[in-house]
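Data first, discussion second: the structure below is written as structure tokens.
Bear in mind that the values in this text are calculations on the coordinates, not laboratory data. Model, not experiment: these values are computed from the prediction. Counting neighbours? That spans all protein chains shown, and the Cβs are built from the backbone with ideal geometry, glycine included.
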Amino acid sequence: MPTFEQIAPQLEHQAIEVPSWAYGNSGTRFKVFGSPGTPRSVEEKIDDAATVHRFTGLAPEVALHIPWDMVDDFGTLTRYAADQGIDIGTINSNTFQDDDYKFGGLTHHDPVIRQKAVDHHLQCIEIMGETGSRDLKIWLADGSNYPGQADIRSRQDRLADSLQKIYAQLSADQRLVLEYKIFEPAFYHMDVPDWGTALVQVQALGDNALVCLDTGHHAPTTNVEFIVAQLLRVGKLGSFDFNSRNYADDDLIVGSADPFQLFRILFEVIRGGGYEADSGVAFMLDQCHNIEKKIPGQIRSVLNVQEMTARALLVDREALAQAQSAGDVLGAHQVFMDAFYTDVRADLAAWRESRGLPGDPMAAYAASGYQEKIEADRVGGTQMSW
Ligand code: PSV
Ligand code: MN
């Protein structure tokens, strides 16, 4: 197995995009809890995202969600973020909270509503121009609840047409990433339920259209790392929305429900070239912190990704390949598991310190007084929430 020192240089370029909405209040359909210190503005969300980066060195970009993060001047917001030490990352569209979209957006049977949904994406592309964002991420709530309710075939055709209109407005250095989800909010069929559908739709668009894999969006028991391997193989893995699920789309801290799955996913990412500095794969979090403190929740998340990346880098790929081609089933399995079971926490702490970062970012944040300060300062106004 390689040593930690041997793999450490590869940790240097790791960058994880944090979602602005993780800093706002969120909840379930039963209750959205407020919490002291929650941002009242997009700028305060950016302050919190920048704090995560300051303590970890891992989160140089924050993804925005439109219209949740709508401001009058995105140029000013981008400069504000830069002053805090971070960039604006992916722009997420939102066609799931307007009454007009009850029966869908980009797939809607009514051309007027379909055009409204397309126009929303064109507005997102304009914002991308102002923020310098590369990626437009599209997740659709579109679908139906009852068999026979909708013509699922026409909806695919309309989706292809709408996506084409959006894609046509992207500049050469911008990309469209299409996210899939098995169910919810639609309970019978979703118009983009799986990676196969997402792939078919983006393949029809062109090279700058890719798939976004949200780790929480599959049926239980789905082999997610297989999907990662396949999408990388065909050059269509655009981004991750990392989170953990126990039952459905739980949006919990990545690596909390199944650290081994995160390890297996990151192994396939590395194996397939997705971890190379120029791979183009965006590593985002898509999480909500409903009951835990949000900033430490995000710090924990990026550290979990870093820790499992380090372990996945430790896999002795040569020994693995040898055992695989010798038909040594248990030998190959052991090579894989040896890396997974290696505790890299002390090495990572020392490595962080060597780079001027706190060895234990969770403890450093807790001791920093930032949480107490935002809880004392952010009084009045309306807490941001979805
Ligand atoms: C939908 O469940 C989703 O995963 C999409 O990425 C949305 O943009 C995000 O969650 C909203 O939290
Ligand atoms: Mn997502």
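Mind checking which of Leu330, Leu11, Leu58 has the largest fluctuation in a GNM of the chain, springs on alpha carbons under 10 Å?
Leu330
With both partners inside the range 13-377, how many of the DSSP beta bridges are antiparallel, as a percent to the nearest 5? Let's see the in-between values first.
On the way: 4 of 31 bridges.
Antiparallel: roughly 15 percent of the beta bridges in the range 13-377.
Placing +1 at every Lys and Arg Cβ and -1 at every Asp and Glu Cβ, with all other atoms neutral, what dipole size does the range 13-377 have around its Cα centre, in debye to the nearest 20?
440
At a 10 angstrom cut-off on C-beta neighbours, averaged per residue, how do the peptides 336-344, 120-128 rank from highest to lowest?
120-128, 336-344
Stretch Ala15-Ala349 to full length: gain in nm at 0.36 nm per residue minus the Cα-Cα span?
In short, 118.5 nm is gained.
Based on the mean of other beta carbon atoms within 10 Å per residue, what is the order of 194-200, 68-74, most packed first?
Top to bottom by mean Cβ count within 10 Å: 194-200, 68-74.
Gln123 versus Ala326, label points 7 Å from Cα toward the beta carbon: distance in nm?
Once both label points are built, they end up 6.2 nm from each other.
Taking every Cα atom in the chain, find the radius of gyration and the maximum pairwise distance Dmax, and write them in Å.
My reading of the Cα-based Rg and Dmax gives 20.9, 66 Å.
Checking the cross-link filter: which lysines have an alpha carbon closer than 30 Å to that of Lys294, excluding same-chain neighbours under 8 positions apart?
Counting by Cα, and skipping residues close in sequence, Lys294 has these lysines nearby: Lys31, Lys45, Lys137, Lys181, Lys373.
How much length, in nm to one decimal, is gained on full extension between Ala168 and Ser385, taken as 0.36 nm per residue of separation minus their Cα-Cα distance?
Values: separation 217, 0.36 × 217 = 78.12 nm, distance 3.24 nm.
Difference between extended and current length: 74.9 nm.
Take every Cα pair under 8 Å in the range 13-377 that's 6+ residues apart, average their separations, divide by the length, and report that relative contact order as a whole percent. Could you put the intermediate results ahead of the total?
Numbers: 645 pairs, mean separation 60.9, N = 365.
This gives 17 percent for the range 13-377.
On a full-extension model of 0.36 nm per residue, what is the gain between Arg233 and Thr342, subtracting their alpha-carbon distance, rounded to one decimal in nm?
Stretched out fully, the Arg233 to Thr342 stretch lengthens by 36.4 nm.
Tell me, what is the FRET efficiency for Asp207 and Lys116 to the nearest 0.05, using R0 = 30 angstrom and their Cβ-Cβ distance as r?
Values: r = 28 Å, r/R0 = 0.94.
Computed FRET efficiency for Asp207 and Lys116 comes out at 0.60.
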